[in-house]
Amino acid sequence: MEVEGYDLAVTPVFSAYWYFATERQKIFKKRIAGANSSVFTEDPILSTYRFTNAYRASDRVSQYLISQVIYRDDLPSDDTNIFFRIMLFKLFNKIETWVALEGEFGPLTFEDFSFEAADKFLSGRQDEGIRNYSAAYIMPSAGRVFGYRRKHSNHLQLLRWMIDEKFHNKLSNSSSMESSYELLLSAPSIGPFLAFQFTTDLNYSPLINFSEMEFVVAGPGAIDGISKCFKDTKSLSHSSIIRHMAENQHRYFEELTLHFDDLWGRPLQLIDCQNLFCEISKYSRVSHPDVPGVSGRTRIKQKFTPASRPQLPWYPPDWNVNDKISGEQFRQSA
C-alpha cells in the first residue's frame, strides 16, 4: 500500500485491524439491541478477552462523561464549570470516584467545591483500600511539582492550578485542536498521550469544537499496533499512518469484503483509528503471536465479563447522530 508516496509492505495484522473494527462494532450494536451474550460473536478471542469499542465515544467511561458529566441540565454550563467537571472526572477516569464525590458533596460545581474537603474524602477512601483511579492508563503523580505525598492530592492541586492559569478561557479561544493539545501539554506532569486524551474529552463539550479528523497523537499501544501492521513504516510519522487509515477506511473495508456498520453515518475518526491500533496490538498477541511488535508484550490481561444490556448511547449533539438512534429500531433488531 502507498502512504504519502512511500510503498509500505503490510503484515497479516493489517487485515486483522479492519476485521477487528468490523466485528467489535458489530458486538457493540448487538449489545445495545439486547442480544444474548452467547451470540455476540463467534470470534473466540473477542468473546474471551476485553477490548474497547471501535469508536472511543461508545466506551462506557466516555458515555458516562458525555451524558452524566458534560451535558447536565442541573449543573452550570459556563466554561469554568465545564472544564472543572471534565478534568475532575478525567484525572481519575473512574465512574465510581465521580459518583462517590457527588454522593459526598452533592452537585459538583467549581464555586462550591472544596479541594481540601475532597482531598480528605479521597484520602479516607484510599485508607479503606478503595481505588480512586482507573487502571486504563497511568497518571503521573505530579508530586515533584506540588509536593504532596498522595497522588490525588497533587492532582487536585493540578486542577486548581489549571483553573488559576485560566485554561478554560484559553481553550475556549483556541484556534485548533492542536493548539488545545499544546496548552494541555504545558501543564505539569501531563505528557503527550494524556494531553491528547484530555483534548479529545474536552472536545466532546461545547468548550472546544474541532473536527476529530483534525489532529491525532499516537499513544504507546498504537505505536505497537502500527509496528505489527507494517513491516517497515519508512520515515513516516505515526500520525500520518493513522490519518491514512481513517481517510481510506471505506476502500479497505470494500477490498476486504467487510461490512462495517458505522456510527449511524459517522465514519471512524482519527482518534478511533488510533485506538484501534492499540486494540489490534492486544488482539494480535493471540491471533498472530508470530508477528512481533515493539512493546514485547505477549499476553492479554483483561478477560471479557458479560454485562447487562447498556443504555442507548448518546453522543455530543453536534455529531448529529442522536436523532438516528432509536430504541424501537433496536427492539426490532434484537
Stick to the Cα atoms of the chain, pair each with every other, and give me the Kirkwood hydrodynamic radius in Å at one decimal. 21.2 Å
Please tell me which of these pairs span more than 24 angstrom C-alpha to C-alpha: LYS30/LYS231; LYS26/LYS303; LYS303/LYS324? LYS30/LYS231; LYS303/LYS324
Summed residue charge, Cβ within 12 Å of LEU88's Cβ, Lys/Arg positive, Asp/Glu negative: +2
What does the extension gain come out to for TYR148 and ILE325, with contour length at 0.36 nm per residue minus their alpha carbon separation? 59.1 nm
Contour excess over end-to-end distance, with Cα ends at ASP112 and SER134 and 0.36 nm allotted per residue: 5.4 nm
Beyond 22 Å, what share of the Cα-Cα pairs of region 204-334 remains, rounded to the nearest whole percent? 52 percent
With the dipole of region 72-202 worked out from charges on the C-beta (+1 for Lys and Arg, -1 for Asp and Glu) around the Cα centre, which of SER134, PHE198, PRO76 lies farthest toward the positive end? SER134
Sequence-distant aspartates and glutamates (8 or more away, or on other chains) whose Cα lies within less than 19 Å of LYS29: GLU42, ASP43, ASP59, ASP261, ASP262, ASP272, GLU279, ASP323, GLU328
Lys, Arg +1 and Asp, Glu -1 on Cβ, resulting dipole of region 72-202 about Cα centre, debye, nearest 20: 580 debye
Relative to the present Cα-Cα distance, how much length would full extension add between LYS29 and ASP261 at 0.36 nm per residue of separation? 82.7 nm
Of 3-9, 199-205, ordering from highest average Cβ density within 10 Å down gives 199-205, 3-9
Tell me the Rg and the Dmax, in Å, that the Cα atoms of region 72-202 produce. 14.2, 45
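Since every read-out is calculated from the coordinates, none of them should be taken as a lab result. What you see is a predicted model, and the numbers here were worked out from it, not measured in a lab. Here Cβ is always computed from backbone atoms with ideal geometry, including for glycine, and neighbour counts include all displayed protein chains.
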